[in-house]
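Beneath this line is the structure, given in structure tokens, with notes to follow.
The values are calculated or read from the model by the stated rules, or taken from the named source; none is laboratory data. Please read all numbers here as calculations on a predicted model, not as lab measurements. As a convention, Cβ positions derive from the backbone with ideal geometry for all residues, glycine included, and neighbour counts pool all protein chains shown. Just so you know, the surface numbers come from the protein's heavy atoms only, side chains and all, with ligands and any DNA or RNA stripped out. Shrake-Rupley method; radii C 1.70, N 1.55, O 1.52, S 1.80 Å.
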Amino acid sequence: MLNNGACRCSRGGACGPRSETEAPLSDNAARYVTIQKDPASFAVPPNLADYRAVCATFNWEAARAGLSGLPHGRGLNIAYEAVDRHAYGPRADRVALRCISKTGERRDVTYRELAASTNRFANGLRSLGVKAEDGVFVLLGRVPELYIAVLGALKMKCVVTPLFSAFGPEPIATRMEIGDARVLVTTEALYRRKVEALRGRLPKLEWVILVNAEEDGEGTRSWRKLTQAASDAFEIAPTDPQDTALLHFTSGTTGRPKGVIHVHEAVVTHYATGLYALDLHDNDRFWCTADPGWVTGTSYGVIAPLTHGVTNIVVEAEFDAPTWYGVLARERVTVWYTAPTAIRMMMKLGADALKDYDLSALRFAASVGEPLNAEAVVWGAEAFGLPFHDNWWQTETGGIMIANFASMDIKPGSMGRPLPGIEAGIVRRKADGGVEMVNTDQEGELALKSGWPSMMRGYLHEEARYRKCFAGEWYLTGDLARCDSDGYFWFVGRADDVIKSSGHLIGPFEVESALMEHPAVAEAAVIGKPDPIAGEIVKAFIALKLGFESSEPMRKELLGHARKRLGAAVAPKEIEFRANLPKTRSGKIMRRLLKARELGLPEGDLSTLESDER
Ligand code: AMP
């Protein structure tokens with residue numbers, strides 16, 4: 001490491017805890033001084049040099065001018081902006097994707113090659129009779145075919161869903177059912193292990209394309225044969241910016257996962273936030289560590305960097321410090337977008353683990369997905385020579401909404417300030433369905449004024465659930481936060497019971513349903529239990545049916561059952577048996593009470609409590 005642990009921000013390595021004598025900052029930043037940025041020290045001038053000035057003049061119409069639009073005014077298509085506009089211009093031979101396999105092999109795909117391969121895949125889909133608006137699901141690890149399939153299907157104007165390949169069969173089948181999947185792109189192994197047995201639940205699934213199958217099989221097609229037979233020329237049909245492009249899934253407290261609808265116009269936000277929040281410049285080598293099975297991995301692991309024509313580094317391997325540090329150093333990564341859980345794992349290993357790596361190319365580091373503790377921001381400054389810039393958004397918003405910008409002073413622990421073009425507020429819901437703003441530094445629900453291009457257009461087949469997210473023109477995020485007098489936003493917690501584990505949003509209902517399928521389980525309730533590394537882990541409370549015993553083998557069996565059904569990322573890590581679970585008079589299990597007891601917190605209003613385990 002070249003920077004000797006010295007911070008490259010303007011404080012000259014003084015980003016540590018505040019001294020006793022300094023004036024207190026509000027709450028969770030109290031122990032840390034603001035990390036000030038000195039414009040003279042920027043290696044590359046930030047795109048957003050003057051936050052206030054840009055906010056004052058910004059409008060989304062003008063932001064769209066950074067994109068090309070389909071030739072001859074035929075609309076706006078994400079894949080054209082990400083691929084074709086570079087493929088036939090001066091960036092044609094630039095590496096668009098540098099894919100590093102689990103065994104460390106590199107596969108480079110230039111913009112020109114990406115245009116040809118996405119065209120072939122789009123033609124392949126067309127040869128199968130696939131049409132615009134058909135649901136195309138992609139269940140792959142981070143291999144080149146994932147990116148080709150997503151972008152090729154967008155060229156065909158299909159509705160695309162990348163799925164997390166570590167999901168178990170149940171979350172996969174549920175999402176494909178809700179999303180009316182007509183096509184699935186996957187591997188032979190993933191198909192056999194996770195989908196084949198549940199295909200009966202998916203009557204609309206017509207085509208299964210296997211990327212590593214040499215030949216077509218029973219009910220499956222070979223990617224190789226399909227794409228080899230296809231032309232590498234493809235003209236994208238006129239695309240209305242309001243045409244649906246992507247269907248991402250997210251979870252709520254109750255009910256099945258929600259299919260979040262995003263349209264092609266979202267690419268305007270992807271581009272603008274790539275410019276301002278991630279500070280992308282031409283010639284950057286950008287690495288987003290998120291999997292495209294989650295919205296961050298699609299918006300910023302596929303679309304945003306490609307719209308900027310930079311080289312997008314794709315790493316197939318999961319987190320492992322030497323692998324990641326090796327990628328940062330060898331690939332000369334300039335802009336890095338990662339997540340708090342990974343940062344905390346690196347912190348645990350200590351800054352010393354970095355000393356043999358040359359990270360001098362790294363210019364900007366950002367983080368998203370869960371609260372980034374102030375210590376982690378400061379540790380970034382010590383270990384990498386630059387602080388992590390936290391930013392906030394969610395599946396529904398489609399792109400970054402609140403961020404610490406490259407040019408902006410950082411208050412460690414804060415999510416930053418709203419993007420130009422985004423109006424954020426802290427509100428309290430009123431009984432009449434409206435909202436009122438709360439005062440500076442007061443807690444309330446984080447709300448955003450509707451109207452940015454990547455805002456969700458609905459939850460698929462769930463109009464009522466969608467409408468509940470709004471109070472007039474305010475979109476209510478479900479997150480509790482506060483805003484300080486400088487306009488910085490601070491995350492407080494979720495207003496609902498969803499769990500964030502290692503950055504993955506997990507709906508308790510989905511986990512409880514899988515547990516309930518086990519013949520021994522009478523009742524199940526799932527909470528997020530705080531964890532120093534993962535943020536939260538999934539913990540299940542279970543009441544067994546009569547005749548079953550709460551033994552260690554039973555616990556193991558239930559853990560195994562859940563892992564098999566849900567996949568390791570979603571399944572509970574802990575199970576505790578209870579004789580029965582606390583319920584309201586209407587029979588709803590009180591997860592909140594279980595959580596309060598687990599954490600030793602006040603139990604709150606128990607007036608609706610009907611039965612209890614104690
Ligand atoms: P998802 O829709 O899976 O991207 O999850 C969105 C949720 O993750 C948000 O509503 C927050 O609860 C949480 N989240 C995302 N970014 C942050 C952040 N920077 N700080 C705290 N929580 C975050």
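Observations, loosely collected:
- For Glu218, the criteria (1) in contact with a Leu (Cβ under 8 Å, 6 or more places away or on another chain); (2) at pLDDT below 95; (3) open to solvent by 30 Å² or more (accessible area, probe 1.4 Å) hold in every case but one, which is (1).
- Flag if Val492 is under 27 Å from Gly587 (Cβ atoms) and either surrounded by 18 or more Cβ atoms within 10 Å (Cβ to Cβ) or in contact with a Ser or Thr (Cβ under 6 Å, 6 or more places away or on another chain) (or both): no
- Ala237 farther than 26 Å from Phe384 by Cα and under 19 Å from the mean Cα position of the chain (by Cα): no
- Number of residues in region 404-425 that are within 24 Å of Val33 (Cα to Cα) and more than 9 Å from the ligand (Cβ to nearest atom): the value is 14.
- Residue in region 464-489 that is farthest from the ligand (Cβ to nearest atom), counting only those that are of a type in the set (D, E, K, R) and open to solvent by less than 40 Å² (accessible area, probe 1.4 Å): Asp484
- Within region 261-275, being surrounded by 24 or more Cβ atoms within 10 Å (Cβ to Cβ) and within 16 Å of the ligand (Cβ to nearest atom) holds for His262, Ala266, Thr269, His270, Thr273.
- Region 90-107: number of residues that are surrounded by 13 or more Cβ atoms within 10 Å (Cβ to Cβ) and over 17 Å from Thr323 (Cα atoms): 6
- Given (1) at pLDDT below 95; (2) over 13 Å from Gly168 (Cβ atoms); (3) open to solvent by 10 Å² or more (accessible area, probe 1.4 Å), index of the condition Ala569 fails: (2)
- Of all residue pairs spaced 6 or more apart or on separate chains, those with beta-carbon atoms under 6 Å, a first member in region 468-485 that is in a loop (DSSP other than H, G, I, E, B) and a second member that is of a type outside the set (Phe, Trp, Tyr) and more than 15 Å from the ligand (Cβ to nearest atom) are Glu473/Lys449; Glu473/Ser450; Asp484/Ser26; Asp484/Asp441; Ser485/Thr440.
- Residue in region 359-386 that is farthest from the ligand (Cβ to nearest atom), counting only those that are under 14 Å from Met346 (Cα atoms), part of a loop (DSSP other than H, G, I, E, B) and touching a Pro at 6+ places or on another chain (Cβ under 9 Å): Asn373
- Condition broken by Leu515, with the remaining ones in (1) away from the ligand (no atom under 11 Å from the Cβ); (2) surrounded by fewer than 21 Cβ atoms within 10 Å (Cβ to Cβ) satisfied: (2)
- Within the set Ala245, Ala304, the sole residue that is more than 16 Å from the ligand (Cβ to nearest atom) and either surrounded by 22 or more Cβ atoms within 10 Å (Cβ to Cβ) or not hydroxyl-bearing (Ser, Thr, Tyr) (or both) turns out to be Ala245.
- Count of region 307-319 residues which are open to solvent by 10 Å² or more (accessible area, probe 1.4 Å) and of a type in the set (S, T, N, Q): 1
- Here is the figure for region 413-467: residues that are part of a loop (DSSP other than H, G, I, E, B), of a type in the set (Gly, Ala, Ser) and on the phi > 0 side of the Ramachandran plot total 4.
- Selection status of Arg428, surrounded by fewer than 17 Cβ atoms within 10 Å (Cβ to Cβ) and either basic (Lys, Arg) or more than 16 Å from the ligand (Cβ to nearest atom) (or both): yes
- Among the conditions (1) touching a Phe, Trp or Tyr at 6+ places or on another chain (Cβ under 8 Å); (2) crowded, with 19+ Cβ neighbours inside 10 Å; (3) not small (Gly, Ala, Ser), the only one that Val136 does not satisfy is (1).
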